[in-house]
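**Q** This is the structure I have questions about; it appears just below.
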Amino acid sequence: MVDLESEVPPLPPRYRFRDLLLGDQGWQNDDRVQVEFYMNENTFKERLKLFFIKNQRSSLRIRLFNFSLKLLSCLLYIIRVLLETPSQGNEWSHIFWVNRSLPLWGLQVSVALISLFETILLGYLSYKGNIWEQILRIPFILEIINAVPFIISIFWPSLRNLFVPVFLNCWLAKHALENMINDLHRAIQRTQSAMFNQVLILISTLLCLIFTCICGIQHLERIGKKLNLFDSLYFCIVTFSTVGFGDVTPETWSSKLFVVAMICVALVVLPIQFEQLAYLWMERQKSGGNYSRHRAQTEKHVVLCVTSLKIDLLMDFLNEFYAHPRLQDYYVVILCPTEMDVQVRRVLQIPMWSQRVIYLQGSALKDQDLLRAKMDDAEACFILSSRCEVDRTSSDHQTILRAWAVKDFAPNCPLYVQILKPENKFHIKFVDHVVCEEEFKYAMLALNCICPATSTLITLLVHTSRGQEGQQSPEQWQKMYGRCSGNEVYHIVLEESSFFAEYEGKSFTYASFHAHKKFGVCLIGVRREDNKNILLNPGPRYIMNASDICFYINITKEENSAFKNQDQKRKSNVSRSFYHGPSRLPVHSIIASMGTVAIDLQDTSCRSGSGPTLSLPAEGGKETRRPSIAPVLEVADTSSIQTCDLLSDQSEDEATPDEEVSSNLEYAKGYPPYSPYIGSSPTFCHLLHEKVPFCCLRLDKSCQHNYYEDAKAYGFKNKLIIVAAETAGNGLYNFIVPLRAYYRPKKELNPIVLLLDNPLDDLLRCGVTFAANMVVVDKESTMSAEEDYMADAKTIVNVQTLFRLFSSLSIITELTHPANMRFMQFRAKDCYSLALSKLEKKERERGSNLAFMFRLPFAAGRVFSISMLDTLLYQSFVKDYMISITRLLLGLDTIPGSGFLCSMKITEDDLWIRTYARLYQKLCSSTGDVPIGIYRTESQKLTTSESQISITVEEWEDTKDCKDQGHHRSSHRNSTSSDQSDHPLLRRKSMQWARRLSRKGPKHAGKTAEKITQQRLNLYRRSERQELAELVKNRMKHLGLSTVGYDEMNDHQSTLSYILINPSPDTRIELNDVVYLIRPDPLAYLPNSEPSRKNSICNAPGHDSKEETQL
């Protein structure tokens, strides 16, 4: 058996299994032949060609040797001329014969032999079948002229002193230099610069012309003036520079003819070279050239990759990027595939930007262009999507490919990417920072419905400003609004901070309140040293550590702040004005200095989602004592913290038992079972127990489950929120979730209606007459227009129509271009809007990045542009935490223990608090909330007598009085007021005009004329309003809808709204102020055991109800 196995040859490894399956026994008679490939490259000629031509490095060495050889031959010619003694006489033999020493002749013969051999060898290797093509080449002819006479002189000694024009080797050196530069770029794997090559060719051509002319004239003048090389050089420079002094001139006809020939050659060759150089220079200006490696290694630069560069995008980036002091020495390299725009070119020619910004025309998908931009040495790369394209998904695909290309080329370069669609975000999870436009847009629109002007709040926080906007305005609200707009988010380590170092070991709310009390800074969040997650207002149970990173809102960062020691008297006065007692007293003694003995215990029990309770505390003893506010404890008193069911809804306890049972059967709390796209953050929110059939989602059509065809028939208890969008994209998920968040009480959940088209009939059916808010999302199909700023035309006109038809409707609009905000709810004869326009222009001239902030619709939070959030991505280069904080504020991310943004409204019962400092203390001591700002609305009720007298500016405006009144008015018109007649300035003007009329004529005649004019104007005004009202009512009757909820005359109030971010502690709170709060996470206080009865169904992990619930 062993012998049999030893006789069987082993199967070849490659064919063993295949041959056994096929039964092929041909392997036993193996007659395979080994084949060698590329044998043609093993020939002697191919090996020589590989060494002399194909191989980059060896070819470069050969050409360098050839270049050195030609320069050596020219140098030997100069040595021969300098060593030669001038001959006597003017015989023509001096032209053909020279004096050449034997050593010099030997060197020239050696050089000639090597050069000729190399030329013949290269001609043989490059031979392609046409011998004349090789022979008639100019370099070959010059080589024959310069080398063959020396070789002949070896065999014929009498020809050793024969003149040979060796100086013509300079042209061969020029040819070798060009080839050597090409091989050099190939050898070091770099893209050659055509501009550099052309400049080198031009310089070498000019030098060769001058050198040839010098040597030729010197030799031909051997029978004339016998010029030396220096005189020949002087003559050539004077001649070619067209100066022509005439002190040195050729005498012989041969030298004169040579000069004429050389001038003709120069007139032909040099213009061609200059033309090519000019063309390359123009192309270089278009493409931008290169960013040198030396600059990249010695300077810091960032790269901006865009599809098309518009002037607004460029200025927003540059203004925000260079607003930070430590970025002043950075360079910005713009990589764009399109040619530079005329406006962009004009801006980049300004000295301030021309020394900092470099424009390169190229694609991020090409390694050559990335190499030009020195992407591997860049500090960061910003990749922006083109939001002006109709197909936003296609724009995202381009952005994704750019991000992949940059990551492949420069893996260590930090990436800052802007994406449009949320479903495309998971393709670029590897980037360092990403901003999804639709996520932020819909989240801000949703929070605008809950917390008014959230979009304005976020926009002001992410813009870099010094708070100097509006400081020269005569109006107080503009000064306050502009000053508070300079607040930004900064960070500092606790132990290194003068603001927060003393609060180590204290609770977060204690540190936040006392830092605001002492320094005016608003501590909003922290981050542990060993944790990457930022916690916004972690609550009174959080104890500050020395290594914590504190995030606070202030006008400037602490490093740029100076702390001045004031006298004790001033400190005492300031303390009394804020807290009615000296600040030197300990915390537990502050109450005694407030003039009362009533103390509120710290209340960390359940809070209503509508806001904390700021009711007047129970008064004890004398009723004349002022109410007090409990101190903020250094450490939370666990004995006073009432453990309660924070997942339950407190409003349910106030409802009747029947309502509570029905509410519990309808709603549950949990996480959405399905995610519309990859990468969405799960959010704990209100859900339905059972999935609603798709047919029931159509509001205007009945189905087998219900018979309702309009919003009124549903009998919603709360007002509607209408979203007018072009398509129901995945981004709407981020609109719905904040409105259904778990911390919102069920009684305040607003029904959401998605309106994909907005004709009047659909608007009336969806309940626009009793809607709380209407959100108008910018439509993708209108974002692209022939004229850029016309992209918002359709949206603006549609919103203006809604504004005229439904004057009381709160409309929140998204625009593509921020500059178009001035057209929102436009009135042509509005003096105050004209004054705001002038103010905006002045602020822009002063270099403000927030010139648009004083527009009334923006200040009130009724309009915003997503392009304003581009600065969030730019600011992340300096503040890498800004995107995370913004996502937490908007509810896009939820981190256990981190708070959320909400608001509360100041009522008459809350005015006893008086100042913002006392409000801060009340919130921190009772609920643990941290206020960050105020949304203030100034209003003025109109009397009947004033409203009846109304004139138009066009007919009755007095220019001088209008200007005076524009400077001294104290109340302003709301952007949603129904008509021009509601403008207080116009009403004042009409009153003054009426008085002037009464003074001019008889008393009874003036009253009669005034009365007639009033009646006529009121009739005109009423007729216009009634015409619109009748149109709407008739249409509602035609559709079978009730007209009870529609009232065209319900808005007779001029209002002005604006935001105060982190106002000063002594700011007085006013009625109807909306306070922005960061509320602690209620789930952070949830006990780990014994879940409550109400939420046990939804809170139990793995319960079936979680899988079947939906938004």
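**Q** Just grab the label-to-label distance for Asn130 and Asn161, each label 7 Å out from Cα along the Cβ direction, in nm (one decimal).
**A** 4.5
**Q** Could I ask something else about it? With every protein chain in place, what's the accessible area of Thr871 (1.4 Å probe, Å², nearest 10)?
**A** 10
**Q** Once you list every other residue whose beta carbon is under 11 Å from the beta carbon of Thr886, what net charge do they have if Lys and Arg are +1 and Asp and Glu are -1?
**A** The answer is 0.
**Q** Next question. Taking the simple approach of a point 7 Å from Cα along Cα-to-Cβ for both Arg61 and Val199, what is their distance in nm?
**A** With each label point 7 Å from Cα toward Cβ, the separation is 3.1 nm.
**Q** How do Arg346, Arg698 stack up against each other in accessible area, from largest to smallest, with a 1.4 angstrom probe?
**A** Working: Arg346 140, Arg698 105 Å².
Ranking Arg346, Arg698 by accessible area, largest first, yields Arg346, Arg698.
**Q** Taking the Cβ of Ala515 as the center, what net charge do the other residues with Cβ under 15 Å away carry, scoring Lys and Arg +1 and Asp and Glu -1? List each step's numbers first, then the result.
**A** Details: positive: Lys506, Lys517, Lys518, Lys557; negative: Glu495, Glu496, Glu502, Glu504, Asp548, Glu558, Glu634.
Result for the neighbourhood of Ala515: -3.
**Q** Could you look at the range 820-894 and say what percent of its accessible area is carbon and sulfur, using a 1.4 Å probe and all protein chains? Walk me through the numbers before you get to the answer.
**A** On the way: 1210 of 2350 Å².
On the range 820-894, the fraction of accessible area on carbon and sulfur atoms equals 52 percent.
**Q** Could you please report the charge total around Pro414, scoring K, R as +1 and D, E as -1 over all other residues with beta-carbon less than 13 angstrom from its beta-carbon?
**A** Cβ neighbours under 13 Å give a net charge of -3.
**Q** Beyond 24 Å between alpha-carbons counts as too far, so tell me which of Lys374/Lys407; Lys310/Lys841; Lys557/Lys842; Lys719/Lys1033; Lys506/Lys879 fall in that bin.
**A** Values: Lys374/Lys407 13 Å; Lys310/Lys841 21 Å; Lys557/Lys842 27 Å; Lys719/Lys1033 20 Å; Lys506/Lys879 26 Å.
Among Lys374/Lys407; Lys310/Lys841; Lys557/Lys842; Lys719/Lys1033; Lys506/Lys879, the Cα-Cα distance tops 24 Å for Lys557/Lys842; Lys506/Lys879.
**Q** How large is ³J(HN,Hα), in whole Hz, for each residue of the range 530-536 in order, when computed from phi with the Karplus curve 6.51 cos²θ - 1.76 cosθ + 1.60 and θ = phi - 60°, using x for Gly and Pro?
**A** Computed from phi, the couplings for the range 530-536 are 9, 9, 8, 7, 8, 10, 7 Hz.
**Q** Whole number in Å², please: accessible area per residue of the range 664-729, 1.4 Å probe, ligands, DNA and RNA not counted. Please report the intermediate quantities before stating the final value.
**A** Values: 3960 Å² over 66 residues.
Accessible surface, normalised per residue, equals 60 Å².
**Q** What are the ³J(HN,Hα) values, in whole Hz, obtained from phi via the Karplus relation 6.51 cos²θ - 1.76 cosθ + 1.60 with θ = phi - 60°, for each residue of the range 872-877 in sequence order, with x given for Gly and Pro?
**A** With the stated coefficients, the range 872-877 comes to 4, 5, 5, 5, 5, 5 Hz.
**Q** A further question on this structure: Skipping prolines and chain starts, which residues have an amide H placed within reach, meaning under 5 Å, of the one on Ser865, given they are 5 or more residues away or on another chain?
**A** Leu815
**Q** Let me ask something additional. Once amide H atoms are placed 1.01 Å from N in the peptide plane, what residues at a sequence separation of 5 or more from Leu687, or on another chain, have their amide H within under 5 Å of its amide H?
**A** The list, which skips near neighbours in sequence, is Ala668, Lys669, Gly670.
**Q** If you roll a 1.4 Å probe over the heavy atoms of the protein chains, what accessible area per residue do you get for the range 277-382, in Å²?
**A** I get 47 Å² per residue for the range 277-382.
**Q** When a/c is below 1.5 the answer is rounded, else prolate if a/b is larger than b/c, else oblate, so apply that to the range 222-265 with a ≥ b ≥ c taken from the square roots of the Cα gyration tensor eigenvalues. Write down the numbers at each step before the final one.
**A** Working: a/c = 1.77, a/b = 1.13, b/c = 1.57.
It comes out oblate by the Cα gyration axes.
**Q** Return the Rg/Rh value of the range 311-433, two decimal places, where both radii are evaluated on C-alpha atoms and Rh is the Kirkwood radius. Write out the running numbers ahead of the final one.
**A** On the way: Rg = 14.6 Å, Rh = 15.4 Å.
Here Rg/Rh amounts to 0.95.
The values are calculated or read from the model by the stated rules, or taken from the named source; none is laboratory data. Keep in mind that what you see is a predicted model, and the values were worked out from it rather than measured. Heads up, the Cβs are rebuilt from the backbone with ideal geometry, glycines too, and the neighbour counts pull from every protein chain shown. The protein model used for the area step is the full one, side chains on, heavy atoms only, and it has no ligands, DNA or RNA in it. Shrake-Rupley method; radii C 1.70, N 1.55, O 1.52, S 1.80 Å.
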